[in-house]
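Heads up, the thing below is written out as structure tokens.
The values are calculated or read from the model by the stated rules, or taken from the named source; none is laboratory data. In this text, all values refer to a predicted model and were calculated from it rather than measured experimentally. When we count neighbours, we look across all protein chains shown, and the Cβ atoms used for this are built from the backbone with ideal geometry, even at glycine. Quick note on the areas: whole protein, heavy atoms, side chains included, nothing else; ligands and nucleic acids left out. Shrake-Rupley method; radii C 1.70, N 1.55, O 1.52, S 1.80 Å.
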Amino acid sequence: MKINRAVKRFGKAIQEIRKNRQMSIEAFALELGIDAAYLSRIERGQKNISLSTAAKIADSLGIEISFGDWKLTR
């Protein structure tokens, strides 16, 4: 899988979970301690974020991120 496609899929998944939980982008960004515009770029797949940021997002949403047999968990 190309990196760009993975970044876009990750962002779309985060956006979908956030919206399903009826969280505004501003409230979620505040919870994460990041700027809402930055979170918007993540959700649109325009930012290639670090694993520590991905872990922070996953932890906040109570989800795990898996990469084949490897999992990034809380």
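Only residues that are farther than 17 Å from Ser66 by Cα, open to solvent by 40 Å² or more (accessible area, probe 1.4 Å) and of a type outside the set (Lys, Arg): list them for the range 35-52, please.
Asp35, Ala37, Tyr38, Gln46
Considering only helices (runs of 4 or more DSSP H) fully contained in the chain, which possess at least 1 residues that are touching a Gly at 6+ places or on another chain (Cβ under 9 Å) and at pLDDT 90 or above?
3-20, 36-43, 51-61
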